[in-house]
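Visitor: I have a structure here, written as structure tokens, and I will follow up with some questions on it.
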Amino acid sequence: MTAYKHLFSPVQLRHKTLKNRVVFGAHTANMAKDGLPGDQHLGYYRERALGGAGMMVIEPVPVHEAAILTRGNFRPNDDAVIPGFRRITEAVQAEGTVILQQLYHVGQHSDADNAYFPGWSPSGLPSYHDSDGSHAMTAAEIEETIEGFVQSARRCFEAGFDGVEVWAAYHSMLDQFWTPWSNRRDDQWGGTLENRTRMSMEVIRRIRKLCGEDFIIGLAISYQPGVEVHLQEEALSEIIALHDATGMIDYVTVGYGSYFDFTKIIPNFTTAEKTTVDLTTALKSSVKQALITSEGHIRTPDNAEAVLSAGQADLVSIVRGQIADPHWANKAKDARPEDIRGCLSCNQMCWGRRYRDYWISCVVNPSVGREHEWGGDRFTPAEKPKKVLVVGGGPAGLEAARVAAERGHQVTLAEASDKLGGQYRLAGLQPRRTQITDLMDWFERQLTKLQVKIDYNSYIEVEDIKDGDWDEVIVATGSLPPETGFQKALPHLETLPGIEHGNVWSAEDVMGKAARLGERVIVFDQGGNWRGGGTAWHLAETGHKVTVVTPDAMVGFELQRTATDFHLRQRLAKLGTDFITESVILEWTSEGAKIRSLLTGEESFIEANSLVMATTNHAVDELSNELTALDYNHHLIGDASAPRQAPYAIYEGRKIGMGV
């Protein structure tokens, strides 16, 4: 018996019975090669089917050349995609999972970088994706686009999909026709509600006619309170009721946000959870036939069960949660929520890699996108169990120890401090980042279950290793902040002038409570990420007067790729933080810092009691160097090899754990 009776109750969806209410919703994995689905897609989706998802809506296919958005998109208008898709549908259906594909067109929000094709839209308004304008469609081009949707659905039907999801979310093409602000037409496609919904109605009607009654058709929508021109709850409810009354749609997926404010589409850890329940609740009372899916920061089985048990939706879409742990559904069903590796809502390797037009992965689950190479998120037992020593309990060491133990090795983990997690645990002490400390707790639970011997407060020296009886030694001793004040923008200065005056600290000193700070604090943020930005937020929130100085053009520069930079700046601004951009620190005194603008060369002075430096760490590799000098075979991973961000440390831990 599962603790989540609503989540794991079956439900009828047209001709199919879903075994549970867990949906792996549509998102761009960006894995196509030459526009075709291949082994990478097959491994990625099959793993989530093995993990127990009841329904899956796979990566959207652009329905027209004007809709191509990424270099990993599938080919539009080409039957060559059918054989690859059939491999995926057969593999997913073999696990008892219903599989659909989303059909999309971004309309005015296109991207010419990949398509080399003008964006098509109802009225020729500008893209909110970049600086381009769009082409106002002729009646013939509207018909061409409708036929693009229909033929894409036909290819899905021939590839064995159980249905399609028609995308009208985030102010995409169909949403643009619905919305008076973006649809300024005076022909049969604009003006009245009937005219504005004509295109979506025609798309759905023709798909139903071509693909038959035993074919699921879903409709994806979104809403964004606070954006005046975006369709709000009442208008969306009326539009969906019109579509529902035709009897041709089977479910409606409700997302959050739009291209007007992209940061809401992929909510990060600073935003609320369960973002769409207000609209899904309203739709549940107005829609007579279609099932309602809530999608929007539903991370945990408890949250999913709460939404369903309250009657706020019929299905829940868990996307990033099942990226982070593809076996999310089975673990919840088996009443093992504590074993679910939780999504951090960080967007670092999912949207962050998609933003840079790479295939997606995951900070906490490096098997994402490598399932076809690594055998999924499961582990092959070792042919011969070994005695393995892992030195260092940061992200790299934790993952190496876990995976080696999963494969049957006898593992000892030596950690120099009294806690696991290394400096990554300190990041979890920043505001709103407790999901990181939750991850460290998850690692500790898994290591305990796997009977890994954890030696806390254990500082390993080379003699300890030489005197031990180890088959494999993995060195994951991490990194430390430099104590020189070196800035990359001033490479000729190895040491910050005036650092000898004291009251200069690292971000780790601050979050580890080693720093003794005055009221006025300067945070020098060289990385443009959460290490400096989150520390500044912590200081501002705890009563310090903070000035952030960065050589970048904006605070949180690197966070743009995760769509979290605006939230950081917004929080800092509301807390009274001052920003000084494109600047460096020339000198530190006992009363403050001398600053130089990189733009003008102008110098100024900022009064402060303390200086916090968030600059690049240096590797703690002494143990590895000593072992190398003795020609002692070992493996060097994570920050001890080169200081980087957490996903690369966890990746290296996974890789060596599978290799020993």
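The values are calculated or read from the model by the stated rules, or taken from the named source; none is laboratory data. What you see is a predicted model; the values in this text were computed from it and never measured. Counting neighbours? That spans all protein chains shown, and the Cβs are built from the backbone with ideal geometry, glycine included. Just the protein is used for accessible areas: all its heavy atoms, side chains included, with ligands, DNA and RNA removed. Shrake-Rupley method; radii C 1.70, N 1.55, O 1.52, S 1.80 Å.
Visitor: Suppose every Lys and Arg Cβ carries +1 and every Asp and Glu Cβ carries -1, with no other charges. What dipole size does the range 546-598 come out with about its Cα centre, to the nearest 20 debye?
Guide: 180 debye
Visitor: Would you calculate the separation in nanometres between label points at residue 114 and residue 147, each defined as 7 Å from the Cα along the Cα-to-beta-carbon direction?
Guide: If labels sit at residue 114 and residue 147, their model points lie 2.5 nm apart.
Visitor: Once you charge only the Cβ atoms, +1 for Lys and Arg and -1 for Asp and Glu, what is the size of the charge dipole of the chain about its Cα centre, to the nearest 20 debye?
Guide: Dipole of the chain, to the nearest 20 debye: 1660 debye.
Visitor: Of the DSSP beta bridges with both residues in the range 467-621, give the percent that are antiparallel, rounding to the nearest 5.
Guide: Working: 12 of 28 bridges.
Antiparallel: roughly 45 percent of the beta bridges in the range 467-621.
Visitor: Can you match semi-axes √(5λ) of the Cα gyration tensor in Å to one of these, [x] 46, 32, 21; [y] 48, 25, 23; [z] 39, 27, 26, based on a calculation from the structure here?
Guide: Label [x] holds the value from this structure.
Visitor: Still on this structure: Place a +1 charge on the Cβ of each Lys and Arg in the range 276-401 and a -1 charge on the Cβ of each Asp and Glu, then give the dipole magnitude about the Cα centre in debye, rounded to the nearest 20.
Guide: 260 debye
Visitor: Still on this model: Count neighbours as other Cβ atoms within 10 Å of each site's Cβ, and list the GluC sites (Glu not before Pro) in the range 335-420 that are DSSP loop with at most 11 such neighbours.
Guide: 383
Visitor: Still on this structure: Report the one residue of 423, 242, 543 whose Cα lies farthest in the direction of the positive end of the charge dipole of the chain (charges on C-beta: Lys and Arg +1, Asp and Glu -1; origin at the Cα centre).
Guide: Highest projection toward the positive end goes to 242.
Visitor: Using the heavy atoms of the protein chains alone and a 1.4 angstrom probe, what is the accessible area of the range 494-609 per residue in square angstrom?
Guide: 44 Å²
Visitor: Provide the per residue accessible area, probe 1.4 Å, for the range 65-133, rounded to a whole number of square angstrom.
Guide: On a per-residue basis, 38 Å².
Visitor: Show me the chymotrypsin sites (Phe, Trp or Tyr not before Pro) within the range 90-184 that DSSP assigns to loop and that have at most 13 other Cβ atoms within 10 Å of their Cβ. Before the final figure, lay out the partial values.
Guide: On the way: sites: 104, 116, 120, 128, 149, 157, 161, 167, 170, 177, 178, 181; in loops: 116, 128, 161, 170, 181.
Hits after loop and neighbour filter: 116.
Visitor: Could you give the DSSP H helices of the chain that reach 24 angstrom or more along their long axis (alpha carbon positions) and whose average Kyte-Doolittle hydropathy is no lower than -0.5? Walk me through the numbers on the way to the answer.
Guide: Details: long enough: 139-158 (29 Å, -0.26).
What comes out of the filter, once short or polar helices are dropped, is 139-158.
Visitor: Taking 2.2 N^0.38 Å as the expected size of a compact globular protein, what ratio does the Cα radius of gyration of the range 507-660 give against it, to two decimals?
Guide: Dividing the Cα Rg of the range 507-660 by 2.2 N^0.38 Å gives 1.24.
Visitor: Which order, highest average first, do 138-145, 519-526 follow once you tally other Cβ atoms within 10 Å for each residue and take the mean per peptide? Each step should come with its number before you reach the end.
Guide: Values: 138-145: 14.2, 519-526: 23.0.
Order by mean packing, descending: 519-526, 138-145.
Visitor: Taking every eigenvalue of the Cα gyration tensor of the range 195-287, multiplying by 5 and rooting it, what semi-axes result, largest first, whole Å?
Guide: Value: 26, 14, 13 Å, ordered largest first.
Visitor: Say R0 is 60 Å: what FRET efficiency, to the nearest 0.05, do residue 554 and residue 210 get from their beta-carbon distance?
Guide: With a Förster radius of 60 Å, E is 0.75.
Visitor: What percent antiparallel are the DSSP beta bridges of the chain, to the nearest 5?
Guide: Of all bridge pairs located within the chain, approximately 20 percent are antiparallel.
Visitor: Another question about this same structure. Where does the chain land at 222 nm, in deg cm²/dmol rounded to the nearest 500, when only DSSP H runs of n ≥ 4 count, each adding -39500 (n - 2.57), divided by all residues? Kindly include the intermediate steps, with their values, before the conclusion.
Guide: Values: 23 runs with 212 residues, N = 660.
-9000 deg cm²/dmol, from helical runs alone.
Visitor: Here is a further query. How large a share of the accessible area of the chain, in percent, is made up of carbon and sulfur atoms when the probe is 1.4 Å and the other protein chains stay in place?
Guide: Of all accessible area on the chain, carbon and sulfur atoms account for 49 percent.
Visitor: Then there is this: Test of the criteria: in the range 571-650, which GluC sites (Glu not before Pro) are in a DSSP loop and have at most 16 other Cβ atoms within 10 angstrom of their Cβ?
Guide: Filter output for the range 571-650: 582, 591, 602.
Visitor: Same structure again: Using just the Cα positions, wrap the range 363-520 in a convex hull and report its mean projected area in square nanometres, one decimal place. List each step's numbers first, then the result.
Guide: Numbers: hull surface 53.1 nm².
The directionally averaged projection comes out at 13.3 nm².
Visitor: Now a separate question. Any idea how far the Cα center of the range 66-94 sits from the one of the range 313-356, in Å?
Guide: Taking the Cα centre of the range 313-356 as reference, the centre of the range 66-94 is 23 Å away.
Visitor: If you build the convex hull over the alpha carbons only and average its shadow over all orientations, what do you get for the range 267-306? Give it in nm² to one decimal.
Guide: 3.1 nm²
Visitor: Follow-up. Excluding ligands and nucleic acids, what accessible area in Å² is computed for residue 260 using a 1.4 Å probe, to the nearest 10?
Guide: Accessible surface of residue 260 is approximately 40 Å².
Visitor: I've got another one for you. May I ask you to work out the translational diffusion coefficient for the range 228-381 at 25 °C, viscosity 0.890 mPa s, via Stokes-Einstein with Rh from the Kirkwood sum over Cα pairs, reported in whole µm²/s?
Guide: Approximately 144 µm²/s, per Stokes-Einstein.
Visitor: Got a sec? Charge dipole of the chain, +1 on Cβ for Lys and Arg, -1 for Asp and Glu; which of 134, 403, 253 is way out at the positive end?
Guide: 253
Visitor: Separation of the range 434-497 and the range 29-58 by C-alpha centroid, Å?
Guide: Between the Cα centre of the range 434-497 and that of the range 29-58, the gap is 35 Å.
Visitor: Next up: Compute for the range 428-552: radius of gyration divided by Kirkwood radius, i.e. Rg/Rh, restricted to C-alpha atoms, rounded to two decimals.
Guide: Details: Rg = 18.9 Å, Rh = 17.9 Å.
With Rg and the Kirkwood Rh in hand, the quotient comes to 1.06.
Visitor: What residues from the range 570-592 fall in the zone where the backbone N is under 20 Å from a label point 7 Å along the Cα-to-C-beta line of residue 227?
Guide: Backbone N within reach: 570-571.
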